[in-house]
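Sharing a structure, written as structure tokens. Questions coming.
The values are calculated or read from the model by the stated rules, or taken from the named source; none is laboratory data. If you're wondering where the values come from, they're calculated on a predicted model, not measured in any experiment. Because the Cβ atoms are built from the backbone with ideal geometry, glycine has one as well, and the counts that use them run over all protein chains shown. We work out accessible area using only protein heavy atoms, side chains counted, and drop any ligands, DNA or RNA first. Shrake-Rupley method; radii C 1.70, N 1.55, O 1.52, S 1.80 Å.
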Amino acid sequence: MKTEPLALERIKDFTRRAFARVVHGRNSLVGRLIRLAAVWFIMVLCVAGVGLTYYFHRTALHHLDAGVAETDYALFADTDAEPGPNGRITPPEVGDPRPTFYHSGLYWQISEITPQQVMINREITTSYSAGTWRIGLPKAVLANAETHVGQTLFYDSVGPTGARMRVVVIYSIIHGRAFVFLVGEDYGPMNHEVGTFALITALAMLVLVIGSLAAIYFQVRIGLQPLFELTDELANTQRGAQQRLTKTYPAEIQPVATQINAFLDYSQDVVERQRTHVGNLAHALKTPLSVLITSAGADPSPLNETVRRQAELMRGQVDHHLRRARAAARSQAMGERTLVEPVFDEMAVMLEQVFQDKGVTIDWRAPDDLAFRGERADLQEIAGNLLENACIWCKRKVRIVAAFDEADHVLDLAIEDDGPGLPEERFDEVLKRGARLDESVPGTGLGLSIVDELVRAYGGTMKFERAQLGGLRAHVRLPGALGEG
């Protein structure tokens, strides 16, 4: 009987394959190229972002200086001063309405300077926005302004609200009296514009970085796609889905594919020569032994009986070693592949008929696409010997379960029965050549030994355990694969 495979097995296999293709380790060529490009690109964008923000700040500061200088020039040019030491000073109407609002951020002031570089408070005229606050003028700036009459000089100060502001000063002599014309404007609006620009620039750079990294990733993936295809073909060859590399690759990779195909052809040729040699050796040895056994059996003398027994023993040993040599040769071949389900179905039907007098029932379970990476004859030899042994010793029930171990990529095979079982101290003993579970049962004792050597030839393992059904459980691990291609 057969148990349908669960869809979960295929889902897990698909997930594993997809995860393996997406995740890149530290030694990944794709990851290395992306990291190198990303580091350089991010550094360039950071420098560009900082440079643009700095340039915008300088431009905004120049624009601020130009604005306060224009206001100061208008104040200086249109101020009316009466002659005489106590002449009245009449400031003009400034075009910008902000000085008419209290603490608006734009302030102007006209002050008379004494020969001792002291501003006369009673002669200070200020904008309404300044209220009772006065713009301070450092002595160093005043001294510099006295040497640049009629020119603008800029310096930083603090406004009435405690905010930093930009101040421009013009020193002038009117009717023999010294005056300074000062205009100050808060940095707040300019800093807000610079901050907004910096934020927009940072967001734009972030979007550019993300988009560029995505473009770099796809560029690298597309550029290295032939390498991924080569890896997939090699994996398919190892799984037995194909015999050699069939795709055409770019000029840089095609020589590698050609050399791999040459190696695969050479390996297959060596295996075929080994098979031919083993076959010839089997024919050369077994034919004389058969003649010797037949001739010795024609005359039942003590000598002939001894010769016949030894010749049969020699033939058994020859069969054993030739089978082992064939298995070793086949296990070296790449591309061999045998679906497990048909083999199990065939053996179950055959053995249930052989042991129908006992009423043996064989419950077998295997996924439809589970495959043994080896030849059909070897899988039949391994599973057949173990199944036959289980049928001999069972009461009525034998179970064989095959599954795929995704972690180790192996075929996990378990055969158990509901018979009397075997003491644990004899688990290793039964694998020795010539050892038998029960001397009263006919046989040479080579079956389990042959199975063990076949399993080892494929790099697998076999061990015995106590079965859940109560008898003996044989646990075999062999090279396996999932999928039909």
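In Å², what does the accessible area per residue of region 26-157 work out to with a 1.4 Å probe?
Computed with neighbouring chains in place, this is 62 Å² per residue.
Additional query: Which values, in whole Å and largest first, are the semi-axes of the equivalent ellipsoid of region 337-421 obtained as the square root of 5 times each eigenvalue of the Cα gyration tensor?
They are 23, 13, 10 Å, listed largest first.
A follow-up question, please. What do the square roots of 5 times the Cα gyration tensor eigenvalues come to for region 166-297, in whole Å, largest first, as semi-axes of the equivalent ellipsoid?
For region 166-297, the semi-axes come out at 93, 14, 11 Å.
Another question about this same structure. Kindly list the residues of region 168-201 that lie in the label zone of A143, defined by a backbone N under 11 Å from the point 7 Å along the Cα-to-C-beta vector.
none
List residues of region 150-164, by number, whose backbone nitrogen lies under 16 Å from a label position 7 Å along Cα→C-beta of H103.
Answer for this model: 158-164.
Please work out the FRET efficiency for the pair D363 and L203, using the Cβ-Cβ distance as r and a Förster radius of 60 Å; give the result to the nearest 0.05.
According to the calculation, E is roughly 0.40.
Ok, one more. FRET efficiency for R315 and R456, Cβ-Cβ distance as r, R0 = 22 Å, nearest 0.05?
0.40
Taking the Cα-to-Cβ direction at L227 and at D78 and moving 7 Å from each Cα, how far apart do the two end points lie in nm?
It is 7.2 nm.
Still on this structure, I have one more. Translational D (Stokes-Einstein, µm²/s) of region 118-231 at 10 °C and 1.306 mPa s when Rh comes from the Kirkwood sum over C-alpha pairs?
84
Follow-up. What are the chymotrypsin sites (Phe, Trp or Tyr not before Pro) within region 378-428 that DSSP puts in a loop, where the Cβ has at most 16 other Cβ atoms within 10 Å?
Qualifying residues, ordered by number: F427.
Sticking with this structure for a sec: Starting from region 111-202, pick out the chymotrypsin sites (Phe, Trp or Tyr not before Pro) whose DSSP state is loop and whose Cβ has at most 15 other Cβ atoms within 10 Å.
Filter output for region 111-202: W133.
I want to check the label-to-label distance for T258 and T276. Put each point 7 Å from Cα in the C-beta direction and report it in nm to one decimal.
So the label points at T258 and T276 sit 2.7 nm apart.
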